[in-house]
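K.L.:
Have a look at this one before I ask anything.
None of the figures in this text is laboratory data; all of them are computed from the coordinates on show. Every value quoted in this text rests on a predicted model; they were computed, and no experiment measured them. Here the Cβ positions follow ideal geometry from the backbone for every residue, glycine too, while neighbour counts run over all protein chains shown.
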Amino acid sequence: MLTWRSPKRFSPELYLGKFACVARVARCAIVVAVSLVLATAAGASPLSQGSSPDFNGDGKSDIMWRDTDGSLAIWLMNGAQAMSTPVVGVVPTSWYIVGTGNFDGSGKSAILWRNTDDGSVALWFMNGTQVTSDPVVAQVPTDWVVAGVGDFNGDGKSDILWRNTSDGSVALWLMNGSQVTADPVFAGQRKVEVVAGL
């Protein structure tokens, strides 16, 4: 389970142009809709972007912010208007976001996390700005990195594409929520070895 401290609120100004987004927030990075440009404020690392996130299932892309102290905020968007801007939680900085996807078929984006220390993989299932479930899926050796998120078998649920940085092997986790239903390797000889399934 990922834990967080008492949340604080962000109150940045957001300016949306025809093809660009500029955010004025100290030490934050944002992930924006596909039609917008990724903007990063000073002192922050950009968040990894999977598909364009839609956390409340309204068909409109939302914005995710991650502060350098680990705070995660979500803006639920309606065009250029932020309808809700809460801090969802504060997660230790050893956890980073590697993607978002509709892993359970709910139509709402979940957040895919990876721990840099032990390779743990976790999901935050979302209902708007509320974390409804936060299971740790598995612990995976750190030479395996998440290469992408997408629905590879057409079942309406996002899957996880892996790549091994040591030998170039490519593997796929077919997902049903937080359950790995299949894990074929497409290249190389190694499978994504689960050290400890939780």
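K.L.:
Between Asn153 and Thr165, what length in nm is gained on full extension when 0.36 nm per residue of separation is reduced by their alpha carbon distance?
P.N.:
Full extension of this stretch gives 1.9 nm more.
K.L.:
Does segment 46-166 come out rounded, prolate or oblate, given a ≥ b ≥ c as the square roots of the eigenvalues of its C-alpha gyration tensor, rounded meaning a/c under 1.5 and, failing that, prolate meaning a/b above b/c?
P.N.:
Taking the square roots of the gyration eigenvalues as a ≥ b ≥ c, segment 46-166 is oblate.
K.L.:
Another question, if that's okay. Please list the non-local residues whose amide H lies under 5 Å from the amide H of Thr100, H modeled 1.01 Å from N, same-chain partners needing a gap of 5 or more.
P.N.:
Those qualifying (amide H under 5 Å, at least 5 residues apart or on another chain) are Gly50, Ser51, Leu112.
K.L.:
Which net charge results when you count Lys and Arg as +1 and Asp and Glu as -1 among the other residues whose beta-carbon is under 11 Å from that of Asp159?
P.N.:
Summing Lys and Arg as +1 and Asp and Glu as -1 gives -2.
K.L.:
Toward the positive end of the charge dipole of segment 70-167, about the Cα centre and with charges on Cβ (Lys, Arg +1; Asp, Glu -1), which of Ser84, Phe125, Leu72 goes farthest?
P.N.:
Ser84
K.L.:
Can you give me the distance in nm between label points at Ser133 and Ser106, each placed 7 Å from the Cα along the Cα-to-Cβ direction?
P.N.:
0.8 nm
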